[in-house]
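The block underneath contains the structure these notes are about, expressed in structure tokens.
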Amino acid sequence: MRINSIQVDNFLRVQHAEIRFQTPVVLVAGHNRQGKSSLGEALKHAFIEEPTRVTKKNEFKQLVRDGEKVSSIVIEHSQGTTSLVLPKGEGEGQISHGALPYCLEPSRFATADANTRREFVLKLTGTKITPATIIAKLKERGVNEKKADEVVPLLAAGISSAQAEAAKKATEAKGAWRAVTGETYGSEKAKEWSAPVPQITMSDDDIKSLEKDLTEIGADIDDANQRLGALQNVDLIDVKAIQEEINQARQQGQLYARIQDKLLVDEAQLADWKTKVEQAKSAASGKREGLIHDMARALDFLNGVYTGDWYEHSGIIARYEAEHGAIGQQGDPELAGKLPEYQKALDLIQRSVDNGKRDLAAADAAAKLVVALEEKVKGATNNEENAKAKNQIEANLQVFRDERKLVEDKLKSAKDERRQIADSNSRTKLAAGHHADVQAWDEIAKALKPDGIPAEFVGQAVNQLNTLIATFSEVAQWGQIHISENMEIVADGHEYRLLSESHKWRVDTLIACAIAAISELGFVILDRVDVLDNPGRIQLINLIDDLVANKDLEGALLLATLKEKPHGLPDHITVEWIENGVIQSEEVAA
């Protein structure tokens, strides 16, 4: 980015500063408190809307020069026009390039925390850390892929989120190991840990023998209980009551023959009355109905058409007519009139037959009951013998129960041993599994730490930045400067925080110029050039001259406190003198 012109009015100590960049580099010099730093801050505020001396928008009025109401900043550059009006804070054409703040404020990189530096360098160099590249790196390290898959979704939120989740999983696995073992987790201890296994006092054959004994004792107890139950049932028999029941049943059973004889008579009468009712119904209908009448009519018809021997068929027809009348006769009013009487008699005899069958069945059941009750009474003969037998069975039962308890206790003890052994083996296996989980999650968490896989990517990115810094430093003869994968800045073997003010300034300048070159912004603001001694200033001029010549920079604004306007600088550097917040003309400056 090339700056064409700058115009700043009423910003802090700047009253009016109009600079046309007729050369790539402009040096603004002047005494203290004349507005040099204000000029640099004005450009920074306009470009990225980031004030230096205030933090809130309602404080912008404090950036307007004393006695004035409005401040304005206008920058013409190769990408367009950027402007800002204060105290309203209304701006246009601001540039959102992520590298620009580091070019406008060289100390910004060194004062940022390590994470901010790391993220910036990755973006600056175009080094992309994607879930896919992280997964590939994890696989290269041979981590547990199944567990790695669990944190993959979190990579979208950043490596730190995935790393935190892996570390959390490792902590949870340690807690699970502690819950199983009852001990504090240690990687070496966990590697060899096993649960104590109790000694076996009974073999598998011994257990089988005890189980067989238990089955046999159980069978003995069941048999004894059955015999005892039978004797207890005998005790409950009321012989006198049963005898009375037997007498009642016997009396009912003795009626069986009389009931049977009566039933036979009733059944014969029932058959007669059924015939009479049928005859009365036929007489009432006008035509004799029924099989016997149909057959009689058929015989009569055949007798008229067939002349052979009928084997006494004429006698059959005679018998029919004797009982029912002539074959062709239609109805019998007298007989039909008796139908209600015959039906009533039929119903009466039917009920008598039904009652007889019922009484006969009851008498038969009573006879059988007598037999059963008599057998029952026979069992309740001798209470004294029953008592002795019960006592013996109960004594045997107690012996069996004691034996069963002894065998059960032995079996329980043996099975408890087996359970304890199984539990010990299970605990050992679980503990080993949790330890493996700890190792797997720790490996993933370690790989995702800033000094792990991210450091590999950062290392690639930082190498690009370090290469350029080393090249620029060699031109300026400013010693060895290096940014580590942990984003620590080291100059000539010393940490940045231990450097002198001028040494820090040189380091900041080299980093800012490298950032400007890599980002292709090609522009830096270097304030407080006067922190350098004369040899240092010459080295800076040589550096800027080389960077412009090699097109690593398109332009730069240098700000320095000097006693007088310098002369004899390279042709690509224009010098402007500022006094009382105003850029002086050549005549005034002279």
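Restricting Phe109, Phe120 to residues that are within 42 Å of the chain's Cα centre (by Cα) and buried (at least 18 other Cβ atoms within 10 Å of the Cβ) narrows the list to Phe120.
Go through Val143, Val180, Val197, Val152 for me and flag whichever is more than 30 Å from Ala114 (Cα to Cα), among the β-branched types (Val, Ile, Thr) and under 27 Å from the mean Cα position of the chain (by Cα). Exactly one residue qualifies, and that residue is Val180.
Which condition does Gly253 not pass, out of (1) at pLDDT 75 or above; (2) buried (at least 16 other Cβ atoms within 10 Å of the Cβ), if it passes all the others? Checking Gly253 against (1) at pLDDT 75 or above; (2) buried (at least 16 other Cβ atoms within 10 Å of the Cβ), the one that fails is (1).
Matching residues to (1) farther than 23 Å from Lys168 by Cβ; (2) out of contact with any helix residue (DSSP H, G or I) (no Cβ under 6 Å at 6 or more places or on another chain):
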residue: Ala431; (1), (2): no, no
residue: Ala436; (1), (2): no, yes
residue: Ile444; (1), (2): no, no
residue: Ala447; (1), (2): no, no
residue: Pro454; (1), (2): no, no
residue: Gly459; (1), (2): yes, yes
residue: Leu468; (1), (2): yes, no
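Does the range 463-478 include one or more residues that are small (Gly, Ala, Ser), modelled with pLDDT of 95 or more and under 54 Å from the mean Cα position of the chain (by Cα)? Yes, there is a match, as at least one residue in the range 463-478 is small (Gly, Ala, Ser), modelled with pLDDT of 95 or more and under 54 Å from the mean Cα position of the chain (by Cα). In this structure, does Gln15 turn out to be touching a Gly at 6+ places or on another chain (Cβ under 8 Å), under 25 Å from Thr574 (Cβ atoms) and modelled with pLDDT of 95 or more? So Gln15 fits the description; yes.
With the condition kept exactly as written, say whether any residue in the range 447-460 is buried (at least 18 other Cβ atoms within 10 Å of the Cβ) and closer than 17 Å to Phe109 by Cβ.
Scanning the range 447-460, I find at least one residue that is buried (at least 18 other Cβ atoms within 10 Å of the Cβ) and closer than 17 Å to Phe109 by Cβ, so the answer is yes.
Among the residues making up the range 1-56, those that are open to solvent by less than 10 Å² (accessible area, probe 1.4 Å) and either of a type in the set (Asp, Glu) or assigned to a strand (DSSP E or B) (or both) are Ile3, Ile6, Val8, Phe11, Val14, Ala17, Ile19, Val25, Val26, Val28, Ala29, Gly30. Taking the range 83-97 as the range and being more than 45 Å from the chain's Cα centre (by Cα) and either outside any strand (DSSP E or B) or polar (S, T, N, Q) (or both) as the test, the residues that pass are Ser83, Pro87, Lys88, Gly89, Gly93, Gln94, Ile95.
Test Lys147 against the criterion of being at negative phi and open to solvent by 40 Å² or more (accessible area, probe 1.4 Å), and give yes or no. For Lys147, the condition - at negative phi and open to solvent by 40 Å² or more (accessible area, probe 1.4 Å) - is not met. The residues of the range 73-85 that are open to solvent by less than 60 Å² (accessible area, probe 1.4 Å) and closer than 23 Å to Ala560 by Cα, listed by number, are Ile73, Val74, Ile75, His77. Among residues of the range 415-439 that are small (Gly, Ala, Ser), those with a Cβ under 7 angstrom from a residue that is outside any helix (DSSP H, G or I) and open to solvent by 40 Å² or more (accessible area, probe 1.4 Å), sequence gap 6+ or separate chain, pair up as Ser424/Pro196; Ser424/Val197.
Residue count for the range 172-194 satisfying the condition of being closer than 22 Å to Lys446 by Cα, among the polar types (S, T, N, Q) and either touching a residue at least 40 places away in the same chain (Cβ under 8 Å) or open to solvent by less than 90 Å² (accessible area, probe 1.4 Å) (or both): 1. On inspection, Ile129 does not qualify as closer than 19 Å to Val462 by Cα, open to solvent by less than 20 Å² (accessible area, probe 1.4 Å) and modelled with pLDDT under 90.
Here Leu124 passes the criteria (1) over 22 Å from Ser484 (Cα atoms); (2) at pLDDT 90 or above except the one numbered (1).
Of all the residues in the range 132-144, those that are surrounded by 14 or more Cβ atoms within 10 Å (Cβ to Cβ) and not basic (Lys, Arg) number 6.
Just to be sure I understand, how many residues within the range 520-551 are among the charged types (D, E, K, R) and either touching a Ser or Thr at 6+ places or on another chain (Cβ under 8 Å) or in contact (Cβ under 8 Å) with a residue 40 or more places away in the chain (or both)?
Counting residues in the range 520-551 that are among the charged types (D, E, K, R) and either touching a Ser or Thr at 6+ places or on another chain (Cβ under 8 Å) or in contact (Cβ under 8 Å) with a residue 40 or more places away in the chain (or both) gives 5.
May I ask you to list the residues in the range 59-82 that are without any contact (Cβ under 8 Å) to a residue 40 or more places away in the chain and part of a helix (DSSP H, G or I)? Within the range 59-82, Glu59, Phe60, Lys61, Gln62 meet the criteria. Among the residues of the range 286-325, those that are small (Gly, Ala, Ser) and at pLDDT below 65 comprise Gly286, Gly308, Ser314.
Taking the condition more than 24 Å from Asp552 (Cα to Cα), among the acidic types (Asp, Glu) and either in contact with a helix residue (DSSP H, G or I) (Cβ under 8 Å, 6 or more places away or on another chain) or without any contact (Cβ under 8 Å) to a residue 60 or more places away in the chain (or both), does Glu49 pass? Spell out the reasoning first.
Working: more than 24 Å from Asp552 (Cα to Cα): yes; among the acidic types (Asp, Glu): yes; either in contact with a helix residue (DSSP H, G or I) (Cβ under 8 Å, 6 or more places away or on another chain) or without any contact (Cβ under 8 Å) to a residue 60 or more places away in the chain (or both): yes.
Spelling it out, Glu49 is indeed more than 24 Å from Asp552 (Cα to Cα), among the acidic types (Asp, Glu) and either in contact with a helix residue (DSSP H, G or I) (Cβ under 8 Å, 6 or more places away or on another chain) or without any contact (Cβ under 8 Å) to a residue 60 or more places away in the chain (or both).
Across the range 98-156, the number of residues qualifying as over 30 Å from Phe47 (Cα atoms) and either part of a helix (DSSP H, G or I) or of a type in the set (A, V, I, L, M, F, W, C) (or both) comes to 23. Quick check on Lys262: is it within 23 Å of Asp359 (Cα to Cα), open to solvent by 80 Å² or more (accessible area, probe 1.4 Å) and at pLDDT 75 or above? Taking the combined requirement at face value, the residue satisfies it. Within the option set Glu385, Glu403, being surrounded by fewer than 17 Cβ atoms within 10 Å (Cβ to Cβ), modelled with pLDDT of 90 or more and not hydrophobic (A, V, I, L, M, F, W, C) holds for one residue only, Glu403.
The values are calculated or read from the model by the stated rules, or taken from the named source; none is laboratory data. Given the structure is predicted, the values throughout are model-derived calculations rather than measurements. All Cβ positions, even for glycine, are placed from backbone atoms using ideal geometry, and neighbour counts span all protein chains on display. For the accessible areas, the whole protein counts, side chains as well, though only heavy atoms, and no ligand, DNA or RNA atoms are used. Shrake-Rupley method; radii C 1.70, N 1.55, O 1.52, S 1.80 Å.
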